[in-house]
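For reference, the structure discussed in these notes is given below.
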Amino acid sequence: MRIWCSGNIGGFQPLVAGSTPAIRTSYHVQSERMPEPNPHDTASVGTTVWTEERRDWETADFTSLKDGSAFPKEFMWGVATASHQIEGGNINNWSAFEPRSKSQQLSGEACDHWNRRTEDVGLIKDLGVSHYRFSIEWSRVEPQQGKWNQDALQWYSDLVDDLLVQGIQPMATLHHFTQPLWWDEMGGFEREENITHWVQFSTKMFELLSDRVEWWCTINEPAVYASMGYVLGEFPPGVRSFKKTRLVSMNLMRAHARCYRTLKAMENGNRCQIGLVKNINLFDPYRRWNPLHWMQTKLLDGMFNRCWLKGLATGRFKPPSGLFSKRIDGLKGSSDFIGVNYYTHLLTTPFMPTKVEIDPLIRPWEQRTDFRYPMYAVGLRRAFDMVRNLNLPIIVTENGVADDDDDMRPEHIRRHLQITAEAIADGLDVRGFYHWSLMDNFEWAEGYDQRFGLYHVDFETKERTLKDSGKEYAAIVKAHSMPQLVVMAGGLGTRLGSMTENVPKSLIEVNGKPILSHILDWAKRQGCMHALVLTGHHGEQFDGMTHPGMGLTFHREDEPLGTGGALWNARELLEERFILVWGDDLHPIDYQPLMLQHSSQNAPLTMTVTETHSSSNLEHDGNVLLAYDKRTKDTSKLNGYEAGTSVIEKSTLLKHGKDGKWSWEETAYPALAGQAAVHVDNTKFWDMGTPEGLASLEKFLNETTL
Ligand code: GAL
């Protein structure tokens, strides 16, 4: 007798034996939303929205995903992986279990990520995402109890550095289904006293990485770990015991709470964000008029979703199939964010199937993924609603689809992002979205048969190839991301006199750090991940300079080329579109409206114009530049001043550029009269190119926090 069917989307997939009965096609459900969250109302945490909206996706309008207006600029765009699924060569509870697993496939070399770290960081960078979620393989770091493997520790530390150099923020998971054999043999999560070893490992990793890694996930999907390992027996240890499920569930929650409290009390604890990752697996009654279907649905929802979320909110945890709840020390409120992994909903009936492997029930209008469960994007909104009363920032830590030929994944991505954008527009605090997964990998009990990647992996040659879905995701990310920042920092700084004799002007300190660092800080807050700094005068002094969380490239001119010549000289390094700022100007404007205007006007260049500066150097009509002349005596027609930050299409530079020394603004701006877009923003810009400018900026920075 087989009660559950496979799939690690939670495992709870009760089936009906025999053919699928007809469903009423007139079936109609109206939309219903959760009420506004109430921080004191812990009873409503984990409450399910029971309506099952059927969306007509044929008529969906995805324009805002493409034009970059669907998500806020701080949105965390990510991809996710887990150590055992990609690294290769791991020896842990999973590798030991694999010969007995459903597919009996061995993880073996997996994607050989352990030996291809640099290449893979390049793949992440090429997607343009700002965040990467990975897990740390405990069995590598502590292969024997108390013996730390320095090479493995170094490897993870290098991974973090490699990511940061590219401007990608790491998110580390401390337990993603795997554990070392020595700890497994001690009973793993079956014994409360074992928790301390895992917390020690977590502490070790936090000590090593928390100066650079801000985002931490404690345990990935405790309900999946417990149900797949102890109810369905499809994950190690392959046991079927409700008693052990209760015990392990209890200890998973204890472990999470202890880990959270311990890390929070450590150095960097307060500046790091530490949270639990919960798989929200929705359950819906197969026949909505049938009370028995409802009973089963609510039971499964309670065991798989509600009890865990309630535990987090109240500190009292009633494990799946348990009758009583117990207080867990430190559990209440032990998450700075809630990670939501969402894949599907399951239609429930009380009739448990026999051993026949049949497909889970789906609605007639739904499309099956390769995992056989349906694509159901609206369920992501219901998952958000289920966790919203925790009153925590929500992060989609996983969402993706098994789709061998990649014909479904692009649409899957669009739909789930659309739902996420709608939730944000409705006021839900959804901060980020990590696509599962970066590349095809070892899908646990399914082995290599289910492909989830944005990159295709040839498991023979290990070759990675970007899929169409990867291009789709990258395009949406790009539409919402800031382009390359270019900082013009090569000037002689003549106006600053003796100060710049030995120091390039952008490295002169104001308020405790170089001018350039202030400029980069601002751009980073605006979402810029990469900067190209054009240097010249004393350019060697920029050597080795880094900026946390931003990828920096320096390019030096050998002789003074002027602003135009410097850009032309660096044209090989310029991206198709870039934001240009001056290395002696702090111009704290909001970049997003500037970018949106640039895109909507399809301009060759968009300049920022202030109308409140003491002088004027251009004439504009509110949208378009009519004339630019910074030397004219006749200022009667002029109505604005070019304020510093501009967006430039590389094609514009290529059209107007030339070799030698020349001024960008005096060449390109007059030539672009009637074409260049004007973005009016009266935010003051701080020109630090003179001693007086420096002094007033110093004063401003002392008095304000940007
Ligand atoms: C999640 C799990 C991932 C991945 C994914 C796809 O439950 O965290 O490791 O396997 O499912 O099924």
Among Ser130, Ser135, the single one that is of a type in the set (S, T, N, Q), farther than 30 Å from Lys298 by Cβ, more than 16 Å from the ligand (Cβ to nearest atom) and buried (at least 16 other Cβ atoms within 10 Å of the Cβ) is Ser130
Residue check, Thr420 of a type outside the set (Asp, Glu), in contact with a Phe, Trp or Tyr (Cβ under 9 Å, 6 or more places away or on another chain), part of a helix (DSSP H, G or I) and buried (at least 22 other Cβ atoms within 10 Å of the Cβ): yes
- [ ] Please tell me if Val160 is touching a Pro at 6+ places or on another chain (Cβ under 7 Å), assigned to a helix (DSSP H, G or I) and surrounded by fewer than 24 Cβ atoms within 10 Å (Cβ to Cβ).
- [x] yes
Looking at this structure, is Thr369 β-branched (Val, Ile, Thr) and either touching a His at 6+ places or on another chain (Cβ under 8 Å) or over 21 Å from Gly339 (Cα atoms) (or both)? yes
Over region 425-441, the set of residues touching a Lys or Arg at 6+ places or on another chain (Cβ under 9 Å) and more than 16 Å from the ligand (Cβ to nearest atom) is Asp426, Leu428, Asp429
Please work out if Thr203 is among the hydroxyl-bearing types (Ser, Thr, Tyr), more than 16 Å from the ligand (Cβ to nearest atom) and out of contact with any Lys or Arg (no Cβ under 7 Å at 6 or more places or on another chain).
yes
Within region 442-466, restricting to residues that are in contact with a helix residue (DSSP H, G or I) (Cβ under 7 Å, 6 or more places away or on another chain) and within 18 Å of Ile413 (Cβ to Cβ), the one that is nearest to the ligand (Cβ to nearest atom) is Leu454
query = Does region 513-525 contain any residue that is within 16 Å of the ligand (Cβ to nearest atom), at pLDDT 95 or above and not in a loop (DSSP other than H, G, I, E, B)?
reply = no
The residue that is nearest to the ligand (Cβ to nearest atom), considering only those in region 67-87 that are of a type outside the set (A, V, I, L, M, F, W, C) and modelled with pLDDT of 95 or more, is Gln85
Here the residues within region 231-276 that are buried (at least 24 other Cβ atoms within 10 Å of the Cβ), more than 16 Å from the ligand (Cβ to nearest atom) and of a type in the set (Phe, Trp, Tyr) are Tyr260
Note on Ser227: of the conditions (1) within 16 Å of the ligand (Cβ to nearest atom); (2) outside any loop (DSSP other than H, G, I, E, B); (3) in contact (Cβ under 8 Å) with a residue 60 or more places away in the chain; (4) under 24 Å from the mean Cα position of the chain (by Cα), unmet is (4)
Counting only residues in region 406-424 that are in contact with a strand residue (DSSP E or B) (Cβ under 9 Å, 6 or more places away or on another chain) and among the β-branched types (Val, Ile, Thr), the one nearest to the ligand (Cβ to nearest atom) is identified as Ile413
Residue set Phe283, Phe177, Phe189; condition part of a helix (DSSP H, G or I) and either in the same structural domain as Leu153 (by TED's automatic domain parsing) or crowded, with 20+ Cβ neighbours inside 10 Å (or both); output residue Phe189
If we keep only residues of region 367-405 that are away from the ligand (no atom under 16 Å from the Cβ) and of a type in the set (Asp, Glu), then the residue surrounded by the most Cβ atoms within 10 Å (Cβ to Cβ) is Asp385
Considering region 473-510, residues that are at pLDDT below 90 and of a type in the set (Ser, Thr, Tyr), and then whichever is nearest to the chain's Cα centre (by Cα), we arrive at Thr500
Taking region 613-630 and the residues there that are over 13 Å from Leu672 (Cβ atoms) and within 39 Å of the chain's Cα centre (by Cα), the one that is surrounded by the most Cβ atoms within 10 Å (Cβ to Cβ) would be Asn623
### Message
Being touching an Asp or Glu at 6+ places or on another chain (Cβ under 7 Å), among the aliphatic types (A, V, I, L, M), in a helix (DSSP H, G or I) and at pLDDT 95 or above is the requirement here; does Ala566 meet it?
### Response
yes
Checking Phe177, Phe201 in turn, the sole residue that is under 26 Å from the mean Cα position of the chain (by Cα), modelled with pLDDT of 95 or more and on the phi > 0 side of the Ramachandran plot turns out to be Phe177
Per the filter on region 62-96, residues in contact (Cβ under 8 Å) with a residue 24 or more places away in the chain and β-branched (Val, Ile, Thr) are Val79, Thr81, Ile86, Ile91
If we keep only residues of region 312-351 that are among the β-branched types (Val, Ile, Thr) and modelled with pLDDT of 95 or more, then the residue surrounded by the fewest Cβ atoms within 10 Å (Cβ to Cβ) is Thr314
task = Evaluate the following for Phe206: is it under 17 Å from Asn93 (Cβ atoms), part of a helix (DSSP H, G or I), at pLDDT 95 or above and touching a strand residue (DSSP E or B) at 6+ places or on another chain (Cβ under 8 Å)?
result = no
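The values are calculated or read from the model by the stated rules, or taken from the named source; none is laboratory data. Note that the structure is a prediction, hence the values are computed from the model and not measured. Don't worry about glycine lacking a Cβ; one is built from the backbone with ideal geometry, like all the others, and counts go over all protein chains shown.
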